[in-house]
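These notes concern the structure reproduced below.
The values are calculated or read from the model by the stated rules, or taken from the named source; none is laboratory data. Since the structure is predicted, the reported quantities are computational estimates derived from the model, not experimental observations. When we count neighbours, we look across all protein chains shown, and the Cβ atoms used for this are built from the backbone with ideal geometry, even at glycine.
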Amino acid sequence: MITVCPVMHDDAEALAKIRREAFAGTVISQLISGNVDPIQGLQVGTRTLLGMLRKPNRTLRKAVVEGDESSRATPLGMSIFDLVDAAAGAPAKGAAHGAVEVESDDSSVEERPEPAPGTDLDRLHEFVAMLEGMLEQYKQYDSRFYNLTNLVVSPTAQRAGAGSALLRDFVAVADAADLPCYLESTPTAEALYRRVGFVDFGGRVSCGPGGAMVLQPMRRPAKSESANPLGLRIVPAKDADIIALAHMHNASFADDAFMRLIWGRTTCDDFDRELAKDFSRRRAHVQKGIAPGVRDPVGMTLAYRVDTAAERGRNGIAPEEEEHLPGTNVGLLKEFMAMLDRVRAAYRERDSRFYHLEILAVHPDFQRKGFGQALLESVLLAADRDNLPVYLEASAMGAGLYRKHGFVECAARASCGPDGVISTRQIQPTMSQVAKDTAKDLSSVPATKNHKIRITLTSRNVKNLEKVCGDLVNRSKDKDLRVKGPVRLPTKRLHIVTRKTPCGEGSKTWDHLEMKIHKRLIDIESPAEVVKQITSMSIESGVEVEVTIQN
């Protein structure tokens with residue numbers, strides 16, 4: 001059995017030797033310190049470790065055989081990690097996987113020894129600059145975290161559990177502090193880190209000749225984040241985020257009917273700026289979702305607490321006539337807002353205090369990956385703390401997600417626009433999440449009627465047919481509909497014989513042809529208007545689509 005304990009001063013030379021031997025065959029070590037004399041390299045490595053032992057916020061741990069934790073025990077491997085506090089200006093880390101490490105200036109410890117003669121200083125500085133750039137990215141995402149700079153095992157003890165023991169020890173320290181942790185992995189070590197919960201933090205980075213020195217930044221979420229394996233963080237929005245949030249919001253709802261009909265003729269940049277003004281006024285209620293390795297927010301919520309008693313105590317202020325962007329369908333916009341006002345007034349008749357989730361948006365590139373659920377749960381958590389219900393207006397796309405989290409329909413469908421087009425295409429029945437201690441009997445509210453709908457697709461081109469089937473199934477699943485199929489029916493074969501020429505002799509005057517007709521069935525349980533939305537897609541040429549409502 002292997003155990004992990006603190007590194008002692010007497011371990012420095014043995015661990016420096018292990019680190020040098022373990023990294024000797026790596027591309028990074030070969031390029032940076034391949035020409036270093038082994039004895040001189042060992043001496044510099046020993047002095048480096050002794051300096052680290054005196055460094056604040058730096059921890060060195062060794063793996064030894066269980067029961068042999070004395071200072072004279074032969075170490076099998078070592079881990080080095082820092083506690084980084086961006087607000088406190090923590091020192092920058094050095095090389096994570098080379099035989100040479102460079103530290104930033106720190107007067108509290110003795111000066112870092114010079115690199116050993118023969119070190120390729122240009123490549124060393126390029127490598128360290130790459131690492132420091134990654135560290136700055138970590139600081140932008142987390143203000144406080146643990147950073148694993150070295151995990152090394154003696155070549156004679158590899159695959160014996162020492163590396164896993166050191167890694168488990170490291171993540172246990174991070175979990176005890178409820179902090180995330182970061183590291184940079186060589187391609188061969190990524191699988192080890194993934195087994196304990198690390199995920200990629202952006203793409204691989206590289207430097208050196210031909211990008212030969214390659215590392216993968218990785219992040220492991222804090223213990224309190226572990227329910228969200230994607231590492232999504234939900235934090236209050238800042239002024240600098242507003243334009244990016246507006247752009248993300250508009251991309252999220254770009255295909256929705258109310259966006260196309262009301263603002264479809266406005267320019268994207270103008271609409272982003274106009275929406276940003278509204279977000280800026282209500283920034284106190286805006287939360288953003290940020291994902292590892294992604295610069296801009298991937299999602300947002302706009303939610304707030306409503307207290308009708310407090311509202312009655314305020315002086316009313318007549319709303320000013322708004323200026324609208326060129327291209328806005330002002331008449332439909334006013335009709336749409338009046339509809340929302342009626343719907344939201346009904347909330348106040350039902351509950352005097354509640355939360356209103358006005359906006360939940362996820363960038364299209366991150367939809368169907370759990371980000372929307374994480375954003376919704378953050379709002380529900382706040383409402384549960386105050387023991388209040390939550391109300392919202394659900395689109396067809398989001399209705400399934402909300403039902404999974406306890407929302408029920410609490411009002412008849414609202415609609416507006418010509419022939420109620422916005423209702424049939426977009427606005428689902430208003431929903432509410434009933435607070436745990438104030439549940440109401442909503443059994444009398446009629447539920448949205450689902451139909452069993454069969455879609456029959458026919459084509460002679462099987463490739464185009466399969467593509468349309470896949471698109472329909474994916475669109476249905478995006479809206480959380482029950483889908484069965486596609487079912488492949490037997491292929492019909494038509495044998496056709498045609499005369500090749502008006503005259504001739506023998507069998508050569510006839511052409512024998514075969515036509516294959518392929519057919520697929522897809523069954524969906526859904527409101528009819530949602531199926532219209534699903535099937536309003538570009539159909540591959542040569543594919544016939546027939547939609548039948550069975551009940």
Notebook entry, point to check: Any idea which of (1) buried (at least 17 other Cβ atoms within 10 Å of the Cβ); (2) in contact with a Pro (Cβ under 9 Å, 6 or more places away or on another chain) is the one Q43 doesn't satisfy?
Noted result: (1)
Next item on the list: Output the residues belonging to the stretch 355-375 that are modelled with pLDDT of 90 or more and in contact with a Pro (Cβ under 9 Å, 6 or more places away or on another chain).
Entry: Y355, H363
Item checked: Qualifying position, being surrounded by 16 or more Cβ atoms within 10 Å (Cβ to Cβ), under 23 Å from E21 (Cα atoms) and at pLDDT 90 or above, among L135, L148, L179 -> L148
Check: Looking at (1) part of a helix (DSSP H, G or I); (2) modelled with pLDDT under 90, which is the only condition L245 fails?
Finding: (2)
Notebook entry, point to check: Which is modelled with pLDDT under 90 and in the same structural domain as L151 (by TED's automatic domain parsing), of T74, T59, T46?
Noted result: T74
Note to self: I need the full set of residues from the stretch 266-310 which are modelled with pLDDT under 90, part of a loop (DSSP other than H, G, I, E, B) and surrounded by fewer than 17 Cβ atoms within 10 Å (Cβ to Cβ), in order please.
What the structure shows: T267, G293, V294, R295, D296
Next item on the list: Show the residue pairs that are 6+ apart or on different chains and have beta-carbon atoms under 6 Å apart, the first residue being within the stretch 42-67 and free of Cβ contacts under 8 Å to residues at least 40 places away in the same chain, the second being of a type in the set (D, E) and surrounded by fewer than 19 Cβ atoms within 10 Å (Cβ to Cβ).
Entry: T46/E13
Notebook entry, point to check: When you go through V530, V483 one by one, which is the residue that is surrounded by 13 or more Cβ atoms within 10 Å (Cβ to Cβ), modelled with pLDDT of 75 or more and either hydroxyl-bearing (S, T, Y) or not assigned by TED's automatic domain parsing to the domain that holds A399 (or both)?
Noted result: V483
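Yes/no matrix, rows are residues, columns are (1) within 19 Å of M78 (Cα to Cα); (2) in the same structural domain as L131 (by TED's automatic domain parsing); (3) in contact with a Gly (Cβ under 6 Å, 6 or more places away or on another chain); (4) of a type in the set (D, E):
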position	(1), (2), (3), (4)
R159	yes, yes, no, no
A162	yes, yes, yes, no
R168	yes, yes, no, no
A189	yes, yes, no, no
A212	no, yes, no, no
A244	no, no, no, no
Checklist line | Any hit, the stretch 184-200, residues being more than 20 Å from the chain's Cα centre (by Cα), assigned to a helix (DSSP H, G or I) and of a type in the set (V, I, T) | finding: yes
Notebook entry, point to check: Can you tell me which residue in the stretch 376-397 is modelled with the lowest pLDDT, limited to those that are part of a helix (DSSP H, G or I) and in contact with an Asp or Glu (Cβ under 9 Å, 6 or more places away or on another chain)?
Noted result: A396
Check: With respect to I234, is the statement that it is in a strand (DSSP E or B) and either touching a helix residue (DSSP H, G or I) at 6+ places or on another chain (Cβ under 8 Å) or assigned by TED's automatic domain parsing to the domain that holds H285 (or both) true?
Finding: yes
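Listed residues V468, V497, V445; which is more than 29 Å from D256 (Cα to Cα) and either modelled with pLDDT of 55 or more or not assigned by TED's automatic domain parsing to the domain that holds A383 (or both)?
The unique qualifying residue is V497.
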